[in-house]
Amino acid sequence: MNSATESPRRFLDCRVSESAIPDEPREKHVLGLSGGRDSAALAIYMRQHHPELNIEYFFTDTGKELPEVYEFLGRLEGFLGKEILKLNPDRNFDFWLKQYNTFLPSPQTRWCTKQLKLRPFEQWLRPMLDNGVNVFSYVAIRADEEYREGYSSKHGKLVIKLPFKEAGIDKAGVLDILDASGLGLPKYYAWRTRSGCTFCFFQQKIEWVRLREQHPDAFEQAKAYEKSALAHGSPFTWSQGESLDELAQPDRIEQIKRDHARRLDRLRSKSQPNPLRTDHEPLDIDDLYGKAKVCLACHK
Ligand code: SF4
């Protein structure tokens, strides 16, 4: 495991044992942090507006996170004055990769989210729910986002709450919360606006180029995974239509950067300045390339 993927031991390592269950309160409030902007802002918002709730903050660690994510969560812990529970999958990325015949995860077969994000969450919650605990899960869907099916709970004792939607808090509101708290944005915002795994296949090509510049070791690791997957017959490359080897050719990098700059110019020339924010609202990668079908567990 290289420095880009190492998990510092500063967070509480969480393995829920059956013996802990009898002491569970009858009601539990949980808030999942992705390492991204919106869920962090929601944690701050809940602490400020609902201090009466004893919220358990948790982070599902795939073991393939950016170091900036741990740094951001560490600062958030400081603000919250509370440890963020770290849910470790019982099996790591490499185990599941083997189970899936060395096929890389892809938008078509998203085993990574299922096994490394949702499974540990379910394993953590299941004993509580089975024990009759009512669990309230706070999710950072903003007022300017669509509420998509799939976020809803399929368990009667699990209630999904959307405080930003209820309070009409949009992207500008989220930025204000982060600014006002002093937490600011995660450091990876300087080169990538989406949270999630170091080598998430939802990344745009410009994000791969920047990953290569910012974390060359992680890029090389992603390349090695891809080579092994292709050698085992996987039809998927990390980035659609080309291998990372091809994407990393100097001409191709220049082309990707030019295309990105053009998109940026086009969008900036169309966008109305927000008179309430002199620092300009940062453009997200989705503003430039369209909304990818990402999920809350990874990218909020
Ligand atoms: S961030 Fe991307 S690679 Fe990681 S679990 Fe989510 S979808 Fe999979």
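What follows draws every value from the coordinates through simple rules; no lab data is involved. Just so you know, these numbers come straight off a predicted model, no measurement behind them. Quick reminder, even Gly has a Cβ in these numbers, built from the backbone with ideal geometry, and neighbours come from all protein chains shown.
Among the lysines, select those whose C-alpha is under 16 Å from the C-alpha of Lys157, and discard any that sit fewer than 8 residues away in the same chain.
Partners within reach: Lys28.
For Asp144 and Glu71 in one chain, what is 0.36 nm times their gap in residues minus the Cα-Cα distance, to one decimal in nm?
Numbers: separation 73, 0.36 × 73 = 26.28 nm, distance 2.79 nm.
Result: 23.5 nm gained on full extension.
Within 14 Å, Cβ to Cβ, of Arg258, how many net charges do the neighbouring residues add up to if Lys/Arg are +1 and Asp/Glu are -1?
On the way: positive: Lys205, Arg252, Lys257, Arg262, Arg263, Arg266; negative: Asp251, Glu254, Asp259, Asp265.
With Lys, Arg at +1 and Asp, Glu at -1, the net is +2.
What list of ³J(HN,Hα) values in whole Hz, one per residue of the range 124-135 in order, does the Karplus curve 6.51 cos²θ - 1.76 cosθ + 1.60 (θ = phi - 60°) give from phi, with Gly and Pro shown as x?
Result, rounded to whole Hz: 6, 6, 3, x, 5, 4, 5, 8, x, 6, 7, 10.
Can you give me the long-range amide H partners of Phe136? Hydrogens built in the peptide plane at 1.01 Å from N, cutoff under 5 Å, separation of 5 or more residues or another chain.
Lys28, His29, Val30, Val159
Per residue of the range 229-234, in order, report the coupling 6.51 cos²θ - 1.76 cosθ + 1.60 (Karplus, θ = phi - 60°) as ³J(HN,Hα) in whole Hz, putting x for Gly and Pro.
Working through the residues one at a time gives 4, 5, 5, 8, x, 5 Hz.
Please give me the summed charge of the neighbours of Glu207: other residues whose Cβ is under 11 Å from its Cβ, Lys and Arg +1, Asp and Glu -1.
Working: positive: Arg192, Arg194, Lys205, Arg210, Arg212; negative: Glu213.
Its environment carries a net charge of +4.
Full-extension gain between Asp130 and Asp94, please, as 0.36 nm times their residue separation minus the C-alpha to C-alpha distance. Before the final figure, lay out each step's value.
Values: separation 36, 0.36 × 36 = 12.96 nm, distance 3.05 nm.
In short, 9.9 nm is gained.
Rounded, prolate or oblate: which fits the range 84-162, taking a ≥ b ≥ c as square roots of the Cα gyration tensor eigenvalues, rounded meaning a/c under 1.5, else prolate when a/b beats b/c? Walk me through the numbers on the way to the answer.
Details: a/c = 2.35, a/b = 1.39, b/c = 1.69.
It comes out oblate by the Cα gyration axes.
What is the set of long-range amide H partners of Leu85 at a cut-off below 5 Å, with H atoms built 1.01 Å from backbone N?
Here Tyr57, Phe58, Phe59 satisfy the definition.
Amide H to amide H, which residues 5 or more places from Gly36 or on other chains are under 5 Å from it, using H placed in the peptide plane?
Residues meeting the criterion, in which the H sits 1.01 Å from N, are Lys300.
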